[in-house]
Every structure is written in C-alpha cells, then in structure tokens.
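Written below as structure tokens is the structure these notes are about.
Read-outs: derived from the displayed coordinates by stated rules, not from any lab. Quick caveat, the model's predicted, so the values are computed rather than measured. As a convention, Cβ positions derive from the backbone with ideal geometry for all residues, glycine included, and neighbour counts pool all protein chains shown.
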Amino acid sequence: CKQGIPFVAEAMEVLGGMGYCEESELPRLYREMPVNSIWEGSGNIMCLDVLRVLTKQHGVYDVLSEAFAEVKGQDRHYDRAVRQLQQRLRKPDEAMGREITQQLFLLGCGAEMLRHASPPLAQAWCQMMLDTRGEMPLSAQVQNDLLLRATGGLR
C-alpha cells in the first residue's frame, strides 16, 4: 500500500494535465492512497496474509506456477528467482514474509516484461531486479531500446 503513493503520482505525471483533472480517477486515488495502509493493516500483516494464502489455500501457488511457467526459459535470472521462491515456500518462515511477497511481486512484473517487452529490455529488467548478485551494466542494445522507447521510437 505504501508503494501505491509513488505509483499513482507517477501515473499522474505520465498523463500530464489530464492526470490532475478531477474527471479522472487518479486525483481521488492519490488522495486516498495513504489511508489504504491504515485500512489494510501494516505491511507485515499483509505479508503474513500472503504467506498464509500461499501455503494454506489449495491451488493458489499452482496458479502462480502456471503463470511463471509460461515464460520459463526466456531469462536465466527469472528462472533462478522462480526456483528460489519454490525453495522458500517448501518451508516458509514468517520472518521471510516481506521478502517472499516482494519476490512474488517482482516475478509477476518479470513475467509481464518477458511477455510484452523486447527481449533485450525484458532480460535487462530481470537481470537488474532479480539477480541477487548485484548490479550489472546495461548492454548498448538495451540502452538504445530504452532511449528509443522514451522518445517514442520503440513500442
């Protein structure tokens, strides 16, 4: 919930003046976003809920596994992160709740990148966000793709 505030702010910025018009949903979402963490409980409570659902509700992880399997083999960093998550969920530790929830989020984002972005861009994202060994410089092709996308030349 706390990450929602910068997310909505970024969406408003991307839309420019239209993002600030009251006719859109964004101004209301931006005003209400700080309250969501109060309504939904602390981050730790939500992470424990995620762990509970993953481990106690039959079939939930199977659905996630299917989504992760759709992009298996497209990026080694992504595949490694999926294996790490599977290992953690064999014996989930409540102290790892935030880390597991974060990893689920990143894997979901990575799957979408691998499905919809150009392969160099998706692989750079996976390397940057999922490689636990540290940052690696982006290749010239990825830098070029990012610049083209930012200037409207690549979709």
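Numerical summary
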| quantity | calculated |
| --- | --- |
| Rg(Cα) / (2.2 N^0.38 Å) computed for the range 66-126, rounded to two decimals | 1.13 |
| Fewest-first ranking of 5, 100, 45, using other Cβ atoms within 10 Å as the exposure measure | 45, 5, 100 |
| Relative contact order, percent, the chain [alpha-carbon distance under 8 Å, six or more residues apart] | 17 percent |
| Residue 9-residue 36 pseudo-label distance in nm [points 7 Å out on the Cα-to-Cβ vector] | 1.5 nm |
| Selected from 27, 119, 92 as most flexible by GNM, with the chain as the system and alpha-carbon contacts under 10 Å | 27 |
| Calculated from backbone phi, Karplus (6.51, -1.76, 1.60) coupling profile of the range 93-103 in Hz, x at Gly/Pro | 10, 4, 5, 9, x, 5, 5, 5, 4, 4, 5 |
| Ascending count of other beta-carbon atoms within 10 Å, so fewest first, for 58, 116, 77 | 58, 116, 77 |
| Simple spin-label estimate for residue 28 and residue 132 in nanometres, 7 Å along Cα-Cβ | 4.2 nm |
| Translational D in µm²/s for the range 45-150 (Stokes-Einstein at 37 °C, 0.692 mPa s, Kirkwood Rh from C-alpha pairs) | 224 µm²/s |
| The chain: most fluctuating residue of 43, 110, 73 per GNM, C-alpha cutoff 10 Å | 73 |
| Residue 83 paired with residue 115, simple spin-label distance in nm, labels 7 Å along Cα-to-beta-carbon | 2.4 nm |
| Per-residue Cβ neighbour rank within 10 angstrom, fewest leading, 68, 7 | 7, 68 |
| Residue with peak Gaussian network fluctuation, the chain [Cα springs, cutoff 10 Å], from 90, 28, 115 | 28 |
